[in-house]
Amino acid sequence: MVSQNKNKSRRALVAHLSKIRELGYKEAQGLPQGFYLDPWWTRQEKTHLFEKQWVCVGRRQEVQNQGDFFTCSVSDEAIVVIHSNDGEIRALSNVCRHRGTVIMEGAGNTHQLLCPYHHWRYDTFGRLINAPAIQPSENFNPEKCHLPMFHLEVWQGFIFICIADQPAPLAPQLEAMERQIAPYHLEDMHLHFQTTETWRVNWKILLENFMEGYHLSPLHRKTLHKVNPSRLCKHLFPGDLHFGYQVGFTSRIPDNAVGHRDLTPEQLNTCVMFAIPPGLTVGVGSDYSSFLCIQPNSSESVTIKMGLIFHGTDWGQTEIDHAVSLFQETMKEDKSVLLRVQKGMRSTRYQPGPLAPANLEGTIWDFYQYLARYTEPDEGRLFTD
Ligand code: FES
Ligand SMILES: [Fe+2]
């Protein structure tokens, strides 16, 4: 049985989200700490966001050739994304139809999915092709042991999966954001760096951090402030399933700057930071872009697949290394402070303060409004969890 106190604080979270839908930006504040600590709330987010919406899990380029695969999770679903032998990219359940072992690990190239436990074997379409020592019978029809498939869409080179039964297509919902970033041609950018990390922070703390420019100058004084200071940030008009801001560069990039020919001089000098919640944030630059695929493990742990994608093919290893080390340095600065935010959330004395002007933190408010729109807590469970 949940204690009365717990029920009271959960009711307060629900009431808080209803309230902020009515508020204007002048009244915008951070979220109360329960949103970053309560496992019950994280369960609600998994149910209503990660299990219902399109969630980004990586780049199309990771499965460039037939047989290429990588594994991932969306909420509690273990998934293998595979380039099947007919040229299609599929998202298959990575759970064996025998006794439930997770079949594949990591990433690579394969012509079959072989369960390590009793060696049931599936092809790249997810069809069961061998179950050692078990003959087909009334009780066992191998054709009915297909690995279940999830919805998959590629947008701007990013692979999105939806584990809900009948989701609305993703791309039409992102048209406004697509217009904004189309000239950068993210779909053609090449993946040269990727890594996956687990941080002991709530997933929203990470997403909020990537999506606000207020901290660029103070926290990243030695790194990003020199090129993209907070004063050059501008809030972009949000959509239902996306939001973002842009930030200019301190000095004009020379005319021979790297970037797609579709870009105007102003766009060449502007980064667009956008989020497709719940699982993707992207920092779009004319020369290269960064992205985070975000997946909560629990209320205080998040797995992040992060990477850099580059425009064109003229990049030398030294230039790539330079971009990677700047990215890693800024992520290190972010991580050090985000661990402290998570720690601060546990204080009984913490009370949320006001958000900075919209050009600096308007995206945080867009994110809260998105949470308020799409998380519909199951109040019945308040009493039983
Ligand atoms: S659980 Fe996969 S073969 Fe037995
Ligand atoms: Fe940062």
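Since every read-out is calculated from the coordinates, none of them should be taken as a lab result. Quick caveat, the model's predicted, so the values are computed rather than measured. All Cβ positions, glycine included, derive from the backbone under ideal geometry; neighbour counts span all protein chains shown.
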Note to self: Among the residues in the stretch 134-143, are any without any contact (Cβ under 8 Å) to a residue 12 or more places away in the chain and touching a helix residue (DSSP H, G or I) at 6+ places or on another chain (Cβ under 7 Å)?
What the structure shows: yes
Exception for T71 within (1) out of contact with any helix residue (DSSP H, G or I) (no Cβ under 7 Å at 6 or more places or on another chain); (2) surrounded by fewer than 17 Cβ atoms within 10 Å (Cβ to Cβ); (3) among the hydroxyl-bearing types (S, T, Y) falls at (2)
Restricted to the stretch 145-172 and to residues being more than 16 Å from ligand 1 (Cβ to nearest atom) and farther than 21 Å from Q61 by Cα, the residue surrounded by the most Cβ atoms within 10 Å (Cβ to Cβ) is I163
Output for Cβ contacts, cut-off 7 Å, separation at least six or different chains, first residue over 18 Å from E88 (Cβ atoms) in the stretch 104-133, second in a loop (DSSP other than H, G, I, E, B) and within 16 Å of ligand 2 (Cβ to nearest atom), reads none
The condition of being in contact with a strand residue (DSSP E or B) (Cβ under 8 Å, 6 or more places away or on another chain) and either without any contact (Cβ under 8 Å) to a residue 24 or more places away in the chain or more than 25 Å from P265 (Cα to Cα) (or both) holds, among S336, S301, only for S301
If we ask which residues in the stretch 18-39 are touching a helix residue (DSSP H, G or I) at 6+ places or on another chain (Cβ under 7 Å), surrounded by fewer than 19 Cβ atoms within 10 Å (Cβ to Cβ) and part of a helix (DSSP H, G or I), their number turns out to be 4
Going through the stretch 111-126 in order, the residues found to be surrounded by 14 or more Cβ atoms within 10 Å (Cβ to Cβ) and either among the acidic types (D, E) or more than 13 Å from ligand 1 (Cβ to nearest atom) (or both) are D123, T124, F125, G126
